Amino acid sequence: MNAHRLIISNTGPLISLEKISNGYGFIRKLYDHILIPPTVLEELFQGQFLSAQAYLEHYDVADLLEVVDVNQTRLPELEQLDIGEQEAIQLALQRHLPLLIEEQAGRTVARQLGVSISGIAGQVLKAFQENILTADEALNKFHELFTSRRINTRIYLGLVETVRLS
């Protein structure tokens with residue numbers, strides 16, 4: 001497996017993928033596997049599905065999402081974050097891989113610890129820049145992220161401008 005075809009994810013970005021048309025389909029064009037800690041999988045299915053397996057089957061992602069145990073290390077910087085964010089950041093540190101994370105506090109801590117981060121909007125932009133998505137497809141995905149309140153107005157308008165100027 002090529003390291004550039006692997007990424008770690010927290011819960012938020014995966015929820016964003018659920019909110020956009022063919023979200024998991026487009027991310028498959030960028031990554032072979034998305035590594036997640038067990039807590040992230042629990043957070044994904046709780047309240048919506050009876051089991052993790054039901055979630056994986058519903059979104060057809062059992063081959064994409066790979067649950068990986070995390071070697072817990074006490075890092076004071078992580079203490080203010082929820083357990084899913086803590087584990088995702090630790091996994092990114094341990095595997096030396098980039099991290100999909102959208103919550104501002106988690107992004108700040110991950111950056112401070114030297115982790116390369118992105119949200120789903122950043123991945124849509126990456127897919128557009130790599131000619132995986134057309135301009136119209138990217139703009140539609142940005143609009144879906146915006147209308148489902150996964151990105152704010154400032155970010156949305158900046159991304160739209162970036163695509164239109166390309």
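Across the chain, the convex hull enclosing all Cα atoms gives 116 Å³ per residue.
Computed about the Cα centre, the dipole magnitude for the range 1-90 is approximately 340 debye when only Lys and Arg (+1) and Asp and Glu (-1) carry charge, each at its Cβ. Among residues other than VAL70 with Cβ under 10 Å from its Cβ, the summed charge is -1 (Lys and Arg +1, Asp and Glu -1).
What you get for the range 121-165, charging only the Cβ of Lys and Arg (+1) and of Asp and Glu (-1), is a dipole of about 220 debye around the Cα centre.
Between the helical axis of 120-129 and the longest alpha-carbon principal axis of the chain there is an angle of about 50 degrees. Think of each Lys and Arg Cβ as +1 and each Asp and Glu Cβ as -1; about the Cα centre, that makes the dipole of the chain roughly 580 debye. If one computes the Cα centroid of the range 74-140 and of the range 4-71, what distance in Å separates the two points? Centre-to-centre (Cα) distance: 14 Å.
Output the 0 to 90 degree angle, nearest 10, between the alpha-carbon long axis of helix 83-95 and the longest principal axis computed from the alpha carbons of the chain. Roughly 90 degrees, rounded to the nearest 10. Looking at the range 106-151, the GluC sites (Glu not before Pro) that sit in a DSSP loop and have at most 12 other Cβ atoms within 10 Å of their own Cβ are GLU130. Against the chain, whose longest principal axis is taken from its Cα atoms, helix 153-165 shows a tilt of about 50°.
No lab work stands behind these numbers, since they all come straight from the coordinates. Everything numeric in this text was worked out from a predicted model, so none of it was measured. Please note: Cβ atoms are built from the backbone with ideal geometry, for glycine as well, and neighbour counts cover all protein chains shown.
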